[in-house]
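Asks: Starting off with a structure, shown below.
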């Protein structure tokens, strides 16, 4: 017999035939029932559920959870050590700040003492120089006063002669004299 294109096997027909045979083997139930809701399969489904649950529980309890617990413990230890280290560094930084403030206060006090000592030294030098300058000025003033006094005495000694000469000149201008001019007195004559 020759095979023609009309005689080819339908793939869906083979599937439907196999499925219908399996449905007939399960007690003649309808072919369209959903297997998880099939009451005849509940016992095997419960068995496989319990077996899978126990296997998964044993795997998680023996393998996965100890690893997770180890990671969590390691993480907690790392966090605690980091917190302890941060607390130590914070305490060290606070101590360094206190030490720095003490050093700054000491440096300021030392600088103030040096400035006060320098100021006192400069003031002592200025006072000594001021006193020396005052003494020099007093000596110059005394010398100048002595010179002025000597010049004044000399000028006062010359005043009677100058006054007499001036008086004669004024008298000669006011009343011209026909008589011979008397002899002029020289300073120091009586």
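None of the figures in this text is laboratory data; all of them are computed from the coordinates on show. Keep in mind that what you see is a predicted model, and the values were worked out from it rather than measured. Virtual Cβ from ideal backbone geometry, glycine too; neighbours counted across all protein chains shown.
Asks: Stretch residue 49-residue 70 to full length: gain in nm at 0.36 nm per residue minus the Cα-Cα span? Could you put the intermediate results ahead of the total?
Replies: On the way: separation 21, 0.36 × 21 = 7.56 nm, distance 2.97 nm.
Working it through step by step, the gained length comes to 4.6 nm.
Asks: Another question, then. Answer rounded, prolate or oblate for region 41-172, using the Cα gyration tensor with square roots of eigenvalues a ≥ b ≥ c: rounded when a/c is under 1.5, else prolate when a/b is larger than b/c, else oblate. Walk me through the numbers on the way to the answer.
Replies: Details: a/c = 23.64, a/b = 6.81, b/c = 3.47.
It is prolate, given that a/c is not under 1.5 and a/b is the larger ratio.
Asks: Please give, to one decimal in nm, the separation of the simple spin-label points placed at residue 97 and residue 81, each 7 Å out from Cα toward the Cβ.
Replies: 2.8
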